[in-house]
Every structure is written in structure tokens, then in C-alpha cells.
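J.: Shown below is the structure under consideration.
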Amino acid sequence: MDKKRRDFLKIAGLSAIAGVAAPTALNTLFKGEVIASDHGGGHGAEPQGQGHAKIEVPTGKRFGMVIDVNKFHRYEGLAEKCTNACHSIHNVPKFTDPKVELKWIWKEPYEHAFTEHSHYKKNDELHNMPFMVMCNHCDAAPCVRVCPTQATFKNKDGMVLMDFHRCIGCRFCMAACPYGSRSFNWSDPRGKDKDGKPLIAKENTKFPTRTRGVVEKCNFCAERIAVGQEPACVEACGATKAMIFGDLNDAHSEISQVLKKQYTIQRKPALGTKPSVFYII
Amino acid sequence: MVKKRENQDFVLSLLQERKGDAMYDGGKIIPGLVIFVGLMTYPIWSGNAGTTPKPVKPTGHEKCVKHKEFMRTSHMVLLNEWRDEVVRDGNREQIHIGDKVYDKSLQNGCMHCHTSKKKFCDECHNYTAVKPYCWECHIQPKETI
Amino acid sequence: MIEKALKGSSLYWTWICVLLGIMGIGAFCYVQQYNYGLGYTGMSRDVSWGLYISQFTFLVGVAAGGVMVVLPYYIHDYKTFGRITILGEFLAIASVAMCLMFIMADLGQPLRALNVLLHPTLNSMLFWDMIVLNGYLALNIIVGTVVLQAEYKGTSPPAWYKPFAYLSIPWAISIHTVTAFLYCGLPGRHFWLTAILAPRFLASAFAAGPALLLFIALILKRTTKFDIGKEAQNKLVTIITYAAILNFFFLGLEFFVGYYSNLPGHMHTLDYLFWGLHGYDQLVPFMRFSLFLGAVALVVLFTPQLKKNDKTLGVGLVCLFFALWIDKGLGLVLGGFVPNPLEYVTEYTPSLGEMCITLAVWATGFLILTLLYKIAISVKLEKELP
């Protein structure tokens, strides 16, 4: 009896030690480093202690954006200017019915942009501010995870993009996106509205339109970045500096400098999607 | 062996019972088949395959990004490769042919030289009865006529 | 064997013609949808899946439910289910066929459907759903036809079919588990984000599938000489009862977690479905009616006099089937989209054409089912009754 108990305690003790030591040992084995509380910059701009944020050494680029809501509040009409710049460059059709509307970037009030933040006893001004919402180009994007054909994918610069040629229109990505940033072409985007006017007022012949039956969203202007231009919305903001775009993984980039100095928030951080769009309020 | 036999029986039962080896209505079926095959293959043996298409070549450009024979048969393969490189890999490296530079793009590359979809693309596509849906999204150049 | 489907009473042919008629209307509507785009339906950017996907989800359950007769028969050698097992397998074939049709009807670019195979994506649950559904269809076609063929020929079925029959059992569980994974792995959709979603799906499937099966068996008993037997019927009632209780128990758990924890995300959709959210309450009557039907069904299933009488039992089964259809075939999928990620409420009403297409897919499923059952029953009656 006694012997049995001693054996039991020994085994229990050994397994406890093994249990504690094993993960560290395995981590060392597979990653060649011990993780734990080491500061490594994480996902470039990842706030510490956010959900289950792992500490990883950033590799390659990760484009992101800072949106200064105060500036959008100050410069009236700037929000619309951004939306128009984006939508006209990308041939986004203008459906008037909100049910089938397509939008890449648009303004929302605080309560709807930040649904998981408290709305109780906030300053009056906050409720009048225009929050530009768009695809967050998440580092752990649910839409990319669920797409059955890799029609939506993350490119080497951390942008979540659409390959319209491949999309089968299953709309799984729309169910997966926690930000409502994706739009579907419910009918021909080259069609006409009720008054007979084309839905795309003036086609940008440098960029394609879409066809019915595919999903679309903000592409962080991948086609413009590739040729050294700024995203259309950032360009529309111009000298106001209401939007700052750049590489979050480059510590010397303007965006990294701004993020270092300013307090910013992200949309729905608790979901672990790691958004790349930050807001200064 | 026994199993095989059973399977055969089953297949036969599907075809319903037939007695003897004679073909019913053979006198109608065989000539019918001959006429059918004849009509179907008419374009091949008659030597009349319609007029060969003559797509209009661009002026001021001597060479395409690949040689003529390749482009004639496999331009769609090249377009698919370009699509994946540009859209998915972000590889927009331009193509240098002689002193000319071309973008890997249908809308912003090919169609800059081949300025008419009607006189270039449609010529052969109509002839071969294929309907690629490139232009449902890509914007075709304005036809000058 | 197939010729059995070509001989039938005038009632049989009338039924076939009705189904073909509905299919024709649906095909006409589908052509319109194909030409216009999915804007033909009532779906919107906020409720981006509608009737098609909700029917698909429900029918995966009906297909999986067949396992409740297949399992006792093959694993426990429960011979009493001998006559109904083939019906379960054929019900699975018809249901999976409907699932695949609903998926196709829902695609924005149906001609590109094979991209799923061309670019296989292991991290997408939709890819796995495609694998398990097609696999389950194949398994049931193999097992069902091989067994019936053997019976037709008066021989015992070849031994090689057994592994397929055994495989079809865990496979049935997998189809509904993977279908639940489509929903419960999405971080921003609180109503679906519950580990109990797969068990809930299975419980409702094991109630709805056998309920439909037994209801059809009761009809066959009245209209043909085909009787699954008293013992099989009683056993099936027991199975349905337990599955139904589990289903409602699980639903209760969702209510507890939502309202006791007081987490807004967990309460919003329940509010919308059962009480209305910000004045939007289109689904409330349906969901309450579903609870009412469920209660009626449980009363029937628990009262000896009622469950022993074929007529009242039939009513109970229909109530249960519709209760589960509303719960899963409407509420679960449509409710999950309300409120939208920006916490706006957009309601969804299917368009008339969309309803016609939906009905036509059901009609196609019932046509497949009718033909398969006609063959199976003719063979069984021919061999068993001299």
C-alpha cells in the first residue's frame, strides 16, 4: 500500500516536471529559440498583451494604415473625397439600394465602427466624428482562412487581396469577415440604374471592373503601390495627413513613428484577427 | 467465374430480354448511322473549313513578346501565367523586346498595340467558336470605327 | 431492376408529374437568376446567405440522420431494421443530391465550381465539406445499390461491400460535423461561435432524418403492402424521442449561456429570433411556432396512446420535422447574420423566384427519392411476398 503510494507520487512528480519542461524543450527544438517573455517587436506594430499575440520576428513587409479621425472631423467633406477617389479609381459601381451596395471605404459613426467599445457617457463630439472603415488587411484574416479556392489571399506584403478570376462567389468570406468590409456583385456592375445612368459613372480604363457573382473589397491599392504611388484615399487626404500608409514592420517608416507616439485603437481586437488599420481618436 | 456470370446476367437484364442475335430494324439503323457520320464530318473531308481569319496586326511593332506560332496557339497560357504573377505574386516585371517595353497586362499591355478587339481578338475567337469572358471585367479599348 | 420505376399506378405517375412540373418552374427561375445574378434573390450584403444555404444545412442533417437506422443494423446486427435500412440509405442519397444542388444554386459563378478541386485549400472548411458530402453520396450509392441488387437476384451481397457500410457510419457523423464547422469557426459571428454547434446539428439531424423516414414508412404502410414492422417502428420512435430531447436540451443551453452570461454578442441573435431586435422581428413568429411544434411533437412521442396510433404519430412526426426545419432551415443561418458586423439590422425576405428554385430543388430530391423507393419497395415486395 505504502509502496504504491510512493510510486504514485514519484510518477506524478516526474510527469509534472515533464509537463512543465516539455513545451520549452520542444520550442527550442523546433524554433531554435526559447520564446516566453522575450521582447522581439512581435508583429511589428502588434500591441503587447493583445489576446494570444505570439511574439514573432517580423519577416518581410506588412503594410498598414493610421487614420486620424480628428482630422476627418476637422476637414469637412474629406471622408467623401476619400471614398470618391477610391471608388472612381477602382470602378466601384454606385448602387443606390443599401442592400446590394458595393463599397471599399466609407464613413461610419463611432457606435457602428467600434461596436465592442463602450458607448456609455462618451463625449458628444465622438458621436459626430466620421470613422473611415475599410478592409483591415488582418494579419490573421478569417476571410483568407475560409476561402475554398484561395481567391482571397494574403500577398507577400501583408495585403489581403482578391483574385477575381478565381472567385466562385460562395460568399464564405463575407460570412467570415468580422468587419463587414466585403461586398458582392449581386448583379452586373456595368449595368444601369433606374434612371438609365451607368452604375460606373466614368470607367478608369487602367483598372478592370468586376463581373456579377464575385466578391470585392479594398485592396490597399496594391496596383498603385507596385508602381510607387500612394493609395488613392491617402493621396486624396494630401497634406492633411489624415491617413498615413506604410510598412508596419519597418521601424523607421512614418507610420511606425506615428504609432510609437500616438495612442491608437483597432477594431474588434478581441477576435485575434490582428487588423493593420489603426485609429487615432 | 460464377460472379462474373451473374454480373453479365444483370447487365443483360438491364437491356431487357433480347432473343437471338438479329438486330431489329438494321435496315434503317445502319444507313441512318452512315448519313449521320457523313454529315458530322462534312467540314473535314469537303475541304471547306470557311475562310481563314485574318487578324489585323499592329503597326509600328515588329515583334510580340513571344513568337507568332506560340502566340497563335498558347496566348491564353501566357495570359494565365501573367495573371498569376501580377495578381498573386506581385511580380510586375516588364518585358523588354528590342528597345520596347511591355507591361504584363491584357488591358494595359496587349491592347496597347493590338488596339482593336474586333479586328484582332474576335477574328479568331469567332472562327474557332470560343467565347473567353475577359471583357466582362477588363475594359476593351475604344473601337475607332 | 431499374424497370421497376417505370411501372406504377396512376397515383404514382401523377405524383411524378407534379414533381416534374415544380422542377420545370424552378428551372425557368434558375435561368433568370443565372442571367441576372444572385440579386435575383432576396439576399443582401448583410444577409449574404439565404434560403439556399439554410436548406443545404438542414438537408445535410437529414442525410446524416439515415445513420440512425444504418448503425443499429450493421454494428449491432439489429435485423429488425432490415427493411428500413435501405430506405435510410436512399434518403441519404436524395438529401445529399439536394445539398449539392443548393450549393450550386447559391454560387455567384457556378461555372467556376471546379476551382475548389483545381486549387484545393486544406484550411477551408468548404473544401472539406465538398469532400465529405461527395464521399457520403458515393458510399450510400455503393452500399444501397449493391445490397438491393443482391436481393433482386436472390443472392447474398458480395463481402466487399461491408467495409463501405461500416465506413458510412462515421462518415455520416463527419458530414454534419464539417457542416457545423463552416459556421462555428468564424470569429465575428457570435451566434454560430459555439462549440455545441456540431452536437446541436447532430441531435437535430438524428431527430429530423428518422422522423421523415418514419413518416414516409407510415405512408408506405397505408398505400402499399410494404410495412417496416411494429418493432422497427417502435424502436425508431424511441430513437427520434431521445434525439429530439437532446436537441431541445442543447437549445436550452444556448439560452442559458447567452442570457446568464449577459454577453451582448451572445444575446443579440437570440433576441432577434425570439423577441425581435430594435423593432425587427420578422422571424419571431416562425421561431415561436417552431417551439410550439416541438412541444406538440414531444407530447405525442411521450404519450403511449398517441405514439401507438399511426395517425397521431404521423402528426407528431410532421410537427417535429417542421419544428427542426424552422429552427435550422431558417433561424440558424438567417439569424446568424443579424445584427451585421457593424451592428445594423437588415432583414431578409426571399424573392418569389428564389422560393421557386428552392421548391424545385426539394422536388428534384423527392423525385430521386420516389424513384429509388419505388425500385427498392418493388424488389422487396417481389422477393418477400410470393
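J.: Cα-Cα pairs above 55 Å in the protein assembly as shown: how many percent? Working shown, then result.
T.: On the way: 76273 of 329266 pairs.
For the protein assembly as shown, the fraction of Cα-Cα distances above 55 Å is 23 percent.
J.: OK, next. So how far, in whole Å, is the C-alpha centre of region A:131-206 from the one of region C:234-276?
T.: Taking the Cα centre of region C:234-276 as reference, the centre of region A:131-206 is 35 Å away.
J.: If you don't mind, there's one more thing I want to ask. Using r as the Cβ-Cβ distance of B:Trp45 and B:Tyr127, and R0 as 30 Å, what FRET efficiency do you calculate, to the nearest 0.05?
T.: The formula returns an efficiency of 0.95 here.
J.: Report the accessible surface area buried between chains C and A, summing both sides, using a 1.4 Å probe on protein heavy atoms only, in Å² rounded to the nearest 100.
T.: Numbers: alone 17600 and 16220 Å², together 30150 Å².
What C and A bury together is about 3700 Å².
J.: Oh, and also: Going by accessible area, probe 1.4 Å, with all protein chains left in place, what is the ranking of B:Tyr127, C:Tyr260, C:Tyr136, largest first?
T.: The residues order as C:Tyr260, B:Tyr127, C:Tyr136, largest area first.
J.: Take B:Met71, A:Met159 and sort them by solvent-accessible surface of the protein heavy atoms, 1.4 Å probe, largest at the top.
T.: Sorted descending by solvent-accessible area, the residues read B:Met71, A:Met159.
J.: Now, a different point. Can you give the accessible area of C:His268, probe radius 1.4 Å, in Å² rounded to 10?
T.: Accessible area of C:His268: about 40 Å².
J.: Now, a different point. Excluding residues fewer than 8 places away in the same chain, name every one of the aspartates and glutamates whose C-alpha is closer than 13 Å to that of C:Lys308.
T.: C:Glu231
J.: So which aspartates and glutamates pass the test for A:Lys206, namely a Cα distance under 14 Å, with those fewer than 8 places away in the same chain ruled out?
T.: A:Glu223, B:Asp103
J.: In region B:97-145, which residues become less accessible by 30 Å² or more once every protein chain is in place, relative to the chain on its own, using a 1.4 Å probe?
T.: Buried by 30 Å² or more upon assembly, which counts only protein chains, are B:Gln107, B:Asn108, B:Tyr133, B:Glu136, B:Cys137, B:His138, B:Ile139.
J.: In degrees between 0 and 90, to the nearest 10, how far off the longest principal axis of chain C does helix C:197-223 point, with axes built from Cα atoms?
T.: Approximately 40 degrees, to the nearest ten.
J.: Same structure, new question: Could you check which residue among C:Ala159, C:Ala207, C:Ala323 shows the biggest mean-square fluctuation in a GNM of chain C with a 10 Å Cα cutoff?
T.: Checking each option, the largest mean-square fluctuation is seen for C:Ala159.
J.: Kindly state, to the nearest 0.05, the FRET efficiency for C:Thr224 paired with C:Phe28, given R0 = 30 Å and r defined as their beta-carbon distance.
T.: Using R0 = 30 Å, I get an efficiency of 0.35.
J.: Could you state how much accessible area is buried at the B-A interface, both sides summed, with a 1.4 Å probe, in Å² to the nearest 100?
T.: Summing both chains' loss of accessible area gives about 1500 Å².
J.: Can you tell me which lysines have their Cα less than 20 Å from the Cα of A:Lys107? Leave out same-chain residues fewer than eight positions away.
T.: Of all the lysines, those that pass the test against A:Lys107 - Cα under 20 Å, at least 8 places apart if same chain - are A:Lys71, A:Lys81, A:Lys94, A:Lys99, A:Lys122, A:Lys217, A:Lys241, A:Lys268.
J.: Are there residues in region C:94-127 whose accessible area shrinks by at least 30 Å² when all protein chains are included rather than the chain by itself, and which are they (probe 1.4 Å, ligands and nucleic acids not counted)?
T.: C:Leu107, C:Gly108, C:Gln109, C:Arg112, C:Asn115, C:Val116, C:His119, C:Thr121, C:Asn123, C:Ser124, C:Leu126
J.: Let me ask another. Would you grab the residues whose amide H sits under 5 Å from the one on A:Arg62? Only those 5+ places off in sequence or on another chain, please, with H modelled 1.01 Å from N.
T.: The answer is A:Leu248, A:Asn249, A:Asp250.
J.: Related question: Suppose we compare each residue of region A:146-162 in its chain alone and in the full protein complex with a 1.4 Å probe; which ones drop by at least 40 Å² of accessible area?
T.: A:Pro148, A:Gln150, A:Phe153
J.: Follow-up. Calculate what fraction, in whole %, of the accessible area of region B:68-136 sits on carbon and sulfur atoms when a 1.4 Å probe is rolled over the protein chains.
T.: That fraction is 53 percent.
J.: Give the angle, between 0 and 90 degrees and rounded to the nearest 10, that separates the Cα long axis of helix C:161-184 from the longest principal axis of the Cα atoms of chain C.
T.: Compared with the principal axis, the helix lies near 10 degrees.
J.: Would you mind telling me which residue in C:His266, C:His119, C:His278 has the biggest mean-square fluctuation in a Gaussian network model of chain C, where springs connect alpha carbons within a distance under 10 angstrom?
T.: Evaluated over chain C, the most mobile residue of the options is C:His119.
J.: Which of rounded, prolate, oblate describes region A:63-280, given a ≥ b ≥ c as roots of the alpha-carbon gyration tensor eigenvalues and a/c under 1.5 marking rounded, otherwise prolate only if a/b is larger than b/c? Can you show the working numbers first?
T.: Numbers: a/c = 1.43, a/b = 1.30, b/c = 1.10.
It is rounded, given that a/c, with a ≥ b ≥ c, falls under 1.5.
J.: For the protein assembly as shown, with every protein chain kept in place, what is the accessible area per residue (1.4 Å probe, Å²)?
T.: Here the residues of the protein assembly as shown average 50 Å² of exposed surface.
J.: Starting from the Cα of C:Ile75, step 7 Å toward the Cβ, then list every residue of region C:121-149 with an amide N under 18 Å from that point.
T.: Counting backbone N atoms under 18 Å from the label point, the list is C:136, C:140.
J.: Calculate the FRET efficiency for B:Trp135 and B:Ser74 from the Cβ-Cβ distance with a Förster distance of 22 Å, rounded to the nearest 0.05. Don't skip to the answer; put the middle values down first.
T.: Numbers: r = 20 Å, r/R0 = 0.91.
Approximately 0.65, to the nearest 0.05.
J.: Order C:370-381, B:87-98, C:330-341 from most to least packed using the mean count of other Cβ atoms within 10 Å. Before the final figure, lay out each step's value.
T.: Details: C:370-381: 19.2, B:87-98: 13.2, C:330-341: 22.8.
Output ranking for C:370-381, B:87-98, C:330-341: C:330-341, C:370-381, B:87-98.
J.: On a 0 to 90 degree scale, rounded to 10, what angle separates helix C:230-261 from the longest Cα axis of chain C?
T.: 10 degrees
The values are calculated or read from the model by the stated rules, or taken from the named source; none is laboratory data. Note that the coordinates shown come from a computational prediction; the quantities given were computed from them, not determined experimentally. Counting neighbours? That spans all protein chains shown, and the Cβs are built from the backbone with ideal geometry, glycine included. Ligands, DNA and RNA are excluded from the accessible area calculation, which covers all protein heavy atoms including side chains. Shrake-Rupley method; radii C 1.70, N 1.55, O 1.52, S 1.80 Å.
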